[in-house]
1. Restricting segment B:7-44 to residues that are more than 18 Å from the chain's Cα centre (by Cα) and part of a loop (DSSP other than H, G, I, E, B), which is surrounded by the most Cβ atoms within 10 Å (Cβ to Cβ)?
2. Search segment D:213-236 for residues being more than 16 Å from D:D82 (Cα to Cα) and over 10 Å from the mean Cα position of the chain (by Cα), and hand back the single one that is farthest from the other protein chains (Cβ to nearest Cβ).
3. Name every residue in segment B:144-155 that is within 11 Å of chain D (Cβ to nearest Cβ) and either surrounded by fewer than 17 Cβ atoms within 10 Å (Cβ to Cβ) or part of a helix (DSSP H, G or I) (or both), in order of residue number.
4. Looking at segment D:118-136, which of its residues are surrounded by fewer than 16 Cβ atoms within 10 Å (Cβ to Cβ) and assigned to a helix (DSSP H, G or I)?
5. I need the full set of residues from segment B:237-262 which are in a loop (DSSP other than H, G, I, E, B) and within 18 Å of the chain's Cα centre (by Cα), in order please.
6. Going through segment A:181-204 one residue at a time, which ones are over 11 Å from the mean Cα position of the chain (by Cα) and within 15 Å of A:P258 (Cβ to Cβ)?
7. Determine, yes or no, whether B:G93 is within 14 Å of chain D (Cβ to nearest Cβ), under 22 Å from B:P184 (Cα atoms) and not charged (D, E, K, R).
There are 4 protein chains.
Amino acid sequence: MILDASCQLVYVASEEVPTVFMLRPRSGLGQWVMREEFHLHPEVPVVEYTDLYGNLCQRVVMPPGEFHVFVQYRVRVPDKLDSCPTALVAPVGNLPTDVLLYLLPSRYCQSDRLIDFAMSIVGDMPETYERVAAIHDWIHQKIRYDGTASDSSTSALETADTRRGVCRDFAHLGIALCRALSIPARMVVGFLNELQPMDLHAWFEAFVGGRWYTFDATQPRTTGNRIVIAYGRDAADVALATMFGNFTMTRMCVTVKPTDFFEVK
Amino acid sequence: MILDASCQLVYVASEEVPTVFMLRPRSGLGQWVMREEFHLHPEVPVVEYTDLYGNLCQRVVMPPGEFHVFVQYRVRVPDKLDSCPTALVAPVGNLPTDVLLYLLPSRYCQSDRLIDFAMSIVGDMPETYERVAAIHDWIHQKIRYDGTASDSSTSALETADTRRGVCRDFAHLGIALCRALSIPARMVVGFLNELQPMDLHAWFEAFVGGRWYTFDATQPRTTGNRIVIAYGRDAADVALATMFGNFTMTRMCVTVKPTDFFEVK
Amino acid sequence: MILDASCQLVYVASEEVPTVFMLRPRSGLGQWVMREEFHLHPEVPVVEYTDLYGNLCQRVVMPPGEFHVFVQYRVRVPDKLDSCPTALVAPVGNLPTDVLLYLLPSRYCQSDRLIDFAMSIVGDMPETYERVAAIHDWIHQKIRYDGTASDSSTSALETADTRRGVCRDFAHLGIALCRALSIPARMVVGFLNELQPMDLHAWFEAFVGGRWYTFDATQPRTTGNRIVIAYGRDAADVALATMFGNFTMTRMCVTVKPTDFFEVK
Amino acid sequence: MILDASCQLVYVASEEVPTVFMLRPRSGLGQWVMREEFHLHPEVPVVEYTDLYGNLCQRVVMPPGEFHVFVQYRVRVPDKLDSCPTALVAPVGNLPTDVLLYLLPSRYCQSDRLIDFAMSIVGDMPETYERVAAIHDWIHQKIRYDGTASDSSTSALETADTRRGVCRDFAHLGIALCRALSIPARMVVGFLNELQPMDLHAWFEAFVGGRWYTFDATQPRTTGNRIVIAYGRDAADVALATMFGNFTMTRMCVTVKPTDFFEVK
């Protein structure tokens, strides 16, 4: 499917606010960015760099006053995502070196404290993809989606306790539980077609059978038609805007819709 | 100035041809990519990665038959480039570590063999930006632009000898002469507004006074309005398409034109 | 001063235990590794890699049975560390890009939850090195060193509450409080001469006035004569051994002593 | 085998000479650095960094006067190196991304100009390890070892012509011929046990069958017992000392000898 997605952000600040945006998707990894727009108004100098995870980051100093950000993408994405119940959880000693990092606990995913909890979910299941599927199912069934129950400081430990949260909490808990079982897991942020209500979205990936698989515990079965914007250990790494100062966001508008149109001009 | 640039490439191959494209400009570094399109036809899987120089590279296997590549950019670029006659050539011991690499000789820039030649151009000039300007002027005046005099294997050593070549030869010679004087220098490929005839273009940058400055020895004075696609040590690093196999390029069409239009939608 | 340091570790495991050691100090950064030894017994294959922070990591699969690790270093280190009360806290917009990472919250340093607390310590102090010094002093005076009060899952938030902990807890709290004030801070692990009782040690660095400064809140005034082994965001990144499996550590012996001897052979 | 190797270098300079040493071997990759010493006299500040190829580099500014460098290693190395006649040359499209770089021409390895020459050596041999073995054999038989025939600016193109050279010329030619056949190849510098006369040494590696294999065209059959110091595209990348200024090397003494001694202290 080819998706057209856009995100409009308007901020108001009374002072300069240094900001790092992470709003430029990468091609490859299952998606192809056919078209992309990125506008800042007023125009300010930008430094783009690649962070430790390979995400493209845009550093700016947001000036006082109103500041507009508008991004728009046309991306070819897979309609259906791969799954593989028989894929094996690799012994840690066999994992690729660049994946080891995703075994460590992080700000919102205190996997070191959730080992017993994770074991209680998977029991004596075989060490395969099905363990991650069981974690996904458990979260989907036991955690209630509730936009009032958490905020930007809520971690997996708290979500495991309150059993309420939003997409990022679902993802953090899934990641923490995977890592607690020595399965590498990472956070993904991006767009999901037909999300209700439309918004930016977060989910997670787990590394089994030698590759990453996608899981979205807000859904009973993880659907395709997603645009990935950034990967990281957890939300601390992949905020679409990390801002250092006082500001108000006065508008945020996200759109995603399929397009039939594709013609090489 | 805001430039609209495009490049259309058509290849015909009788076998699969593994290819690395380098056709996705980065923002920052003086330019802002407002809009970008990248189409391949037929659609093939792509892996995008960042090379050692920070360039975004797209790996594909070009299938047999006709293969179309079309990229289009809208980029805000500076009208005029900075120059600074008093900027000092830094002692090597004071250079940033990530710049040292650009002092080494490379495939097309045998700086180790051009030390006497470089010294003959700059004589006892002070160790400033003016040395690079003198190299630029020497090349501009002494090397004749001649599309028949060189090919993709021609190096700076040969150009210094034949005194004929095209933009990449001018750039290679400029780079080699700078490095021969312990001034870091790198290759740039991209688009130049009003280039006659329009084509992809190559030029070089030299590191003096703590930053990179742009030099284009095909011009008497280096103008602005350039879109940078990639940086590297020399043309071996920054080919816009590195292809491993037999193919024919049946079409290449490059356009660049200023646009007045800019509206946040 | 030239320090001789060693660390002997003995593990016993009943199964294979994939392990990542971080036991090879880097030169530069104020220290010079004159001599280094690294022995594993039994000998097993090792893959060495550089992690995201530049630390040298050694991957092994520890075999069942007894496993010995012995490292020994001779390192020239500064007797006194720099301090600079007038060094300015940089606006985030002016920080080097590779330092931004150290502003983010992490597993053990939930800086996002400690902003008010950090402000209560520094009040209206000028935005300089003195803010970090005030944090250091506050921790040194208010947190009691207590080896029974924390474990490997204890975070800065908990230490701020219980006001007891060990060197890593002191460091985590210092880091979290700095980041809460938008001052980049990172964890350091290594050896400290004359530590009582001798053990591996942890402290922190803060980035002010364009460089990193060392702070050790277990001391009234931070002394020199330290060997740095690794840097990271917090203890999750810089464990000297990250082990995935069941094992017992049956011996750990750390020595540090000054040496007068230095002769180029 | 466990090898003790040392290298003593003495330089005399009349001015400050910025220098990058590459004298710290990495563990893993088939070798284990059990002990290492690195002394500079007089003591000067050093910055250590990792270059684009993962080599550890030491930046110093050599002061005027006499400057001593002494390194000593004890390294466990394989007695015999792997070979695998049936290992397949991978289609470029299947190569790991980080290996692609080693297909490009470089300063001393103008592979783009040696395609016909390389084809004339391998003819219609199957696309396996044997092609590299044939290149190795050709060089060993046809190129005469001659210390007077080349210097630090000699490239593979010239060696192919003069058919004389030293170890680095043998390696450059081997690398260039492999790359001309789309086989990734890289330069290695280090120590070889029983080299006659003892000196630093250079050889090459080729990537076939999914891994790197070692080839030393100065030998009829490549022997083991080598210590690797650095990897790179060619000698421009892996000079053990890259110096920017005027100096004289007044002494260079290299030793390598097997040791039986190994005891965990």
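The values are calculated or read from the model by the stated rules, or taken from the named source; none is laboratory data. Small disclaimer: the values here were computed from a predicted structure and weren't measured. Note that we place each Cβ from the backbone using ideal geometry, even for glycine, and neighbour counts take in every protein chain shown.
1. Narrowing segment B:7-44 to residues more than 18 Å from the chain's Cα centre (by Cα): B:8-19, B:34-44.
Within this subset, residues satisfying the condition of being part of a loop (DSSP other than H, G, I, E, B) are B:14-16, B:42-44.
On the way: B:S14: 11, B:E15: 10, B:E16: 16, B:P42: 10, B:E43: 12, B:V44: 14.
Among them, the one singled out is B:E16.
2. Going through segment D:213-236, the residues more than 16 Å from D:D82 (Cα to Cα) turn out to be D:218, D:229-236.
After this cut, where a residue has to be over 10 Å from the mean Cα position of the chain (by Cα) as well, the list is D:218, D:236.
Details: D:T218: 24, D:A236: 5 Å.
It comes out as D:T218.
3. Within segment B:144-155, the subset within 11 Å of chain D (Cβ to nearest Cβ) is B:151-155.
Those that are within 11 Å of chain D (Cβ to nearest Cβ) and either surrounded by fewer than 17 Cβ atoms within 10 Å (Cβ to Cβ) or part of a helix (DSSP H, G or I) (or both): B:D151, B:S152, B:S153.
4. D:M119, D:S120 - these are the residues of segment D:118-136 that are surrounded by fewer than 16 Cβ atoms within 10 Å (Cβ to Cβ) and assigned to a helix (DSSP H, G or I).
5. Start the filter on segment B:237-262 by keeping residues that are in a loop (DSSP other than H, G, I, E, B), which leaves B:237-240, B:244-246, B:260-262.
Across segment B:237-262, the qualifying residues are B:D237, B:V238, B:A239, B:L240.
6. Residues satisfying the conditions are A:N193, A:E194, A:L195, A:M198.
7. Numbers: within 14 Å of chain D (Cβ to nearest Cβ): yes; under 22 Å from B:P184 (Cα atoms): yes; not charged (D, E, K, R): yes.
Answer is yes for this residue.
A quick yes/no check of all residues on (1) under 30 Å from A:S111 (Cβ atoms); (2) surrounded by fewer than 15 Cβ atoms within 10 Å (Cβ to Cβ); (3) of a type outside the set (D, E, K, R); (4) touching a Gly at 6+ places or on another chain (Cβ under 7 Å):
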{"site": "C:Y73", "(1), (2), (3), (4)": "no, no, yes, no"}
{"site": "C:D79", "(1), (2), (3), (4)": "no, yes, no, yes"}
{"site": "C:T86", "(1), (2), (3), (4)": "no, yes, yes, no"}
{"site": "C:V92", "(1), (2), (3), (4)": "yes, no, yes, no"}
{"site": "C:D98", "(1), (2), (3), (4)": "yes, yes, no, no"}
{"site": "C:L103", "(1), (2), (3), (4)": "yes, no, yes, no"}
{"site": "C:S106", "(1), (2), (3), (4)": "yes, no, yes, no"}
{"site": "C:Q110", "(1), (2), (3), (4)": "yes, no, yes, no"}
